[in-house]
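Notes follow once the structure below has been shown.
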Amino acid sequence: MLPSALEHVEEIAGASERSLAIFLDYDGTLTPIVSRPDQAVLAESTRAILRTLATKVPVAVLSGRELGDVRKRVGIDAIVYAGSHGFDIAGPRGLQRQEAKEFLPALDAAENELREKLAGIAGALFERKRFSIAAHYRNVTESEFPKMENVVSEVTKQHRELRRIDGKKVYELLPNIDWDKGRAVLWLLEKLGLDRQNVRPIYIGDDRTDEDAFRALAQRGVGILVSEQQRPTTASYSLRNPTEVERFLRELTPILT
């Protein structure tokens, strides 16, 4: 069982001569998982903590959401945002990176096929983001789950330049290249001048895609899994839900100089 991050705040912060960099997922980490993605609203209390935290250390939010969407939902100019699982990055002072733009035609074609084939499945929710396609089945009748998976698998097989990842009641198609949240975090550390021994990156996330970041930081930072249940993970600590994430960030902030 992973130790609770709330019981080890000072230990996670490290020695006073060490700087921190905070990386956070959005859905399921900063906000609860909801039945429709548009209902995931950031609490004002969490936003206030993030705003204060960003005056002390570098802060980035990495999400499967479209870059513009997660940026609007958090609404803090001082932090870095990475949308589409790290494929679309933007931040202060002109920071920008868009990975795999050459895959956009393949995503367009797969989008058209999925829209047509998922139209007959009640409750299926389809989301096109610039660098990914999400097919949500949280509101689909359980008996229709196999049909949903078969449709997504079929389209994926027809587009070898794309790969499928499975999240919480969602299938996503992404460019089939060696890029993920972990690679995005490492790029950000280098780009922001944080690739140093005295910088400890902390990554907090709840989904399988966050495991890429946990693995990338395993030898140099701290991974914190947000989950009510224990599961295999590379993270070192856990928090049960977004309420505990807010509390952890609130307790961490005064420690920082």
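Remarks
- Every residue from the stretch 206-257 that is among the small types (Gly, Ala, Ser) and farther than 15 Å from Leu186 by Cβ: Ser227, Ala235, Ser236, Ser238
Rundown of residues vs (1) of a type in the set (Gly, Ala, Ser); (2) in the same structural domain as Pro92 (by TED's automatic domain parsing); (3) under 20 Å from Asp88 (Cα atoms), yes/no style:
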{"residue": "Arg160", "(1), (2), (3)": "no, no, no"}
{"residue": "Gln197", "(1), (2), (3)": "no, yes, no"}
{"residue": "Arg200", "(1), (2), (3)": "no, yes, no"}
{"residue": "Asp210", "(1), (2), (3)": "no, yes, yes"}
{"residue": "Ala216", "(1), (2), (3)": "yes, yes, yes"}
{"residue": "Thr234", "(1), (2), (3)": "no, yes, no"}
{"residue": "Ser238", "(1), (2), (3)": "yes, yes, no"}
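- The lone exception for Ala119 - which of (1) at pLDDT 95 or above; (2) assigned by TED's automatic domain parsing to the domain that holds Thr141; (3) out of contact with any strand residue (DSSP E or B) (no Cβ under 7 Å at 6 or more places or on another chain) it fails: (1)
- Restricting the stretch 71-92 to residues that are within 18 Å of Ala21 (Cβ to Cβ) and touching a Phe, Trp or Tyr at 6+ places or on another chain (Cβ under 8 Å), the residue that is surrounded by the fewest Cβ atoms within 10 Å (Cβ to Cβ): Ala90
- Matching option when the condition is more than 25 Å from Ser238 (Cα to Cα) and free of Cβ contacts under 8 Å to residues at least 60 places away in the same chain, among Leu192, Leu173, Leu186, Leu118: Leu118
- Considering each residue of the stretch 36-48 in turn, at least one proves to be in contact (Cβ under 8 Å) with a residue 60 or more places away in the chain and surrounded by fewer than 14 Cβ atoms within 10 Å (Cβ to Cβ).
- Single unsatisfied condition, Leu95 versus (1) more than 19 Å from the chain's Cα centre (by Cα); (2) exposed (fewer than 15 other Cβ atoms within 10 Å of the Cβ); (3) of a type in the set (A, V, I, L, M): (1)
- Check on Val170, surrounded by 15 or more Cβ atoms within 10 Å (Cβ to Cβ), under 16 Å from the mean Cα position of the chain (by Cα), outside the structural domain of Ser35 (by TED's automatic domain parsing) and among the aliphatic types (A, V, I, L, M): yes
- Complete set of residues in the stretch 175-202 that are touching a Phe, Trp or Tyr at 6+ places or on another chain (Cβ under 7 Å) and under 20 Å from Glu66 (Cα atoms): Pro175, Trp179, Val185
- Residue under evaluation Ile133, criteria (1) part of a loop (DSSP other than H, G, I, E, B); (2) crowded, with 19+ Cβ neighbours inside 10 Å, criterion not met: (1)
- Note on the stretch 98-110: residues that are modelled with pLDDT under 95 and surrounded by 16 or more Cβ atoms within 10 Å (Cβ to Cβ) total 2.
The values are calculated or read from the model by the stated rules, or taken from the named source; none is laboratory data. Because the structure is a prediction, the values reported are computed rather than measured. No Cβ is skipped: glycine too gets one built from the backbone with ideal geometry, and neighbour counts run over all protein chains shown.
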